[in-house]
1. Please compute the Cα-Cα pair-distance distribution of segment 337-417 with 5 Å bins starting at 0, giving whole percents from short to long.
2. When only Cα pairs under 8 Å and 6 or more residues apart are kept, what is the percent relative contact order across segment 179-271?
3. Which value, in Å² and to the nearest 10, is the accessible area of Glu136 when all protein chains are kept and the probe is 1.4 Å?
4. What part of the accessible area of segment 433-583, given as a whole %, is carbon or sulfur when the probe is 1.4 angstrom?
5. Using a Förster radius of 41 Å, what is the FRET efficiency between Asn442 and Gln583 based on their Cβ-Cβ separation? Nearest 0.05, please.
6. Give the residue from Trp221, Pro245, Ala263 lying farthest towards the positive end of the charge dipole for segment 221-304; charges sit on Cβ (+1 for Lys and Arg, -1 for Asp and Glu) and the dipole is referred to the Cα centre.
7. Using packing as a proxy for protection, rank 216-226, 103-113, 196-206 so that the peptide with the highest average count of other Cβ atoms within 10 Å comes first.
8. Could you tell me the relative contact order of segment 433-583? Use alpha-carbon pairs under 8 Å, at least six residues apart, and round to a whole percent.
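The values are calculated or read from the model by the stated rules, or taken from the named source; none is laboratory data. What you are looking at is a predicted structure, and each value in this text was computed from that prediction instead of being measured. Glycine also receives a Cβ, built like all others from the backbone with ideal geometry; neighbour counts cover every protein chain displayed. Ligands, DNA and RNA are excluded from the accessible area calculation, which covers all protein heavy atoms including side chains. Shrake-Rupley method; radii C 1.70, N 1.55, O 1.52, S 1.80 Å.
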Amino acid sequence: MSLLLNSSFTGASSACLLQRERSRRRRLHVPGVTCRQGSNGDRSDAARQQQSPPLLDRRDMLLGLGGLYGVTAGPKVLAAPIMPPDLSKCYPATAPALDNKCCPPYDPGETISEYSFPATPLRVRRPAHIVKDDQEYMDKYKEAVRRMKNLPADHPWNYYQQANIHCQYCNYAYHQQNTDDVPIQVHFSWIFLPWHRYYLHFYERILGKLIDDDTFTIPFWNWDTKDGMTFPAIFQDAASPLYDPKRDQRHVKDGKILDLKYAYTENTASDSEIIRENLCFIQKTFKHSLSLAELFMGDPVRAGEKEIQEANGQMEVIHNAAHMWVGEPDGYKENMGDFSTAARDSVFFCHHCNVDRMWDIYRNLRGNRVEFEDNDWLDSTFLFHDENEQLVKVKMSDCLNPTKLRYTFEQVPLPWLGKINCQKTAETKSKATTELSLTRVNEFGTTAQALDASNPLRVIVARPKKNRKKKEKQEKVEVIQIKDIQVTTNETARFDVYVAVPYGDLAGPDYGEFAGSYVRLAHRMKGSDGTAEQVPKKKGKLKLGITPLLEDIDAEDADKLVVTLVLRTGSVTVGGVSINLLQTDSTAAI
Ligand code: C2O
């Protein structure tokens, strides 16, 4: 007897829900979505070539530019997809909470096979706050996790071995093959969503196998809707295998509302206000990044690249807040608040199930087009232990459509797609601002500036072009770029970005419209002696799409904008703020 499958779920993808939303809201434009099962974009290479113009392979391009790199001592760019590590070489992780130990047992005789994708009926992932009342399902879920915890400690399916996978690929236990010491890092880039999709998929399949249920799915923490915005109750029973004591107890009980802008200080606004803020943040994230995948998913990272700036997309930024909010507020922020330990809490997978769902919705909104027509993304390859205890390799291009992995999500309302009042326009547009309240704001200049929590950094930034026509906007998206972001401690860092229209070169007291955030989780680093801590050296960058935002605040005719960076936690310097026009890859809009 199938526990979860219900024909009303399986027939349609979430795209259909979006279409329904579309007819409710006329402004929503969902290109090319067909409501047939399995229709959301089969990404075989042939299909890929058919549907979109062939792009110049970056390797060919670099070959063409070969002379350039040949004569100068320029950076050595391998321009190739990230490949799996040599498993025989696992280094101590930068994970003091785990005593720097998260390497798995290594079996030199183990061979790597191709993954046989499941041939199950479409499995339906359901919201955590709904499955709570499904006793039969909950018994199975708990039993599966119990069995996972009871496996021998060195079994690749063992609960803590599974959790260690996250530590290995986040805390620098593996280096890329054929590089001196370039670690594999699955955050801060375009790898974030696909790698976590596979990680979650195998975890789910293993749990299903442990209870011999091919229909088993992990529930999603439906934090994008009011009823799902509290910590999921199913993880709170201290007697359950789903329980984890290492959480911020103030947040996980008593119906406290999750704060997607959390920065280790309590939001004192009313519940309904926090809910509205969260929905607006999600809405803006989609609205501002639909026209260019890297704004949502993160920037490219290619094999051998060592010095590139970390650039996560806004979906990763949003997701970080839940990590911080669930983990302990002090110490190593265990378990959820630190990458090395995050997956030791079962809620990690429930949270990532929703992150994965957000990507699926993003994809559907963009007519299921491939996010990056770039072989360095599509051919990136990862290793996992599958549900048959095989060590398998899987390619990025094979996970873009969840149907291939045989799962889908139960359709639930998307309140953030609806009409919400998210603008502060009353204040920003107010003509009542008196001259007395205006202050002079300078350009950023050329020297890096430290952010100061009590005195937000406000800079005036020239726009490349004003009064752009609709067609120009469809071709290029206007983007605020903040470069050389340096987090100067191992603690969490967060700053929020606001945009307003200046009065000449003067700024009003209001910061204007929220555009997005930069967040870096606490991330312990080890020093060259392998033990003492050192601060991160890698810099980051942040890109925020603002084309729709400028329309919302009626700023299309402004030459310049005031950009305000509000430090919320941590210690950060930034190297520059600019506004640029970037080529779009989709005309989708909400
Ligand atoms: Cu790998 Cu939610 O992080």
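1. Reading upward from the zero bin: 3, 11, 16, 21, 22, 17, 9, 2, 0.
2. Taking the mean separation of contacting Cα pairs over the length of segment 179-271, I get 15 percent.
3. 110 Å²
4. Result for segment 433-583: 49 percent of the exposed heavy-atom area is carbon or sulfur.
5. Rounded to the nearest 0.05, the efficiency is 0.85.
6. My answer, from the dipole projection, is Ala263.
7. The packing order, highest mean first, is 216-226, 196-206, 103-113.
8. 45 percent
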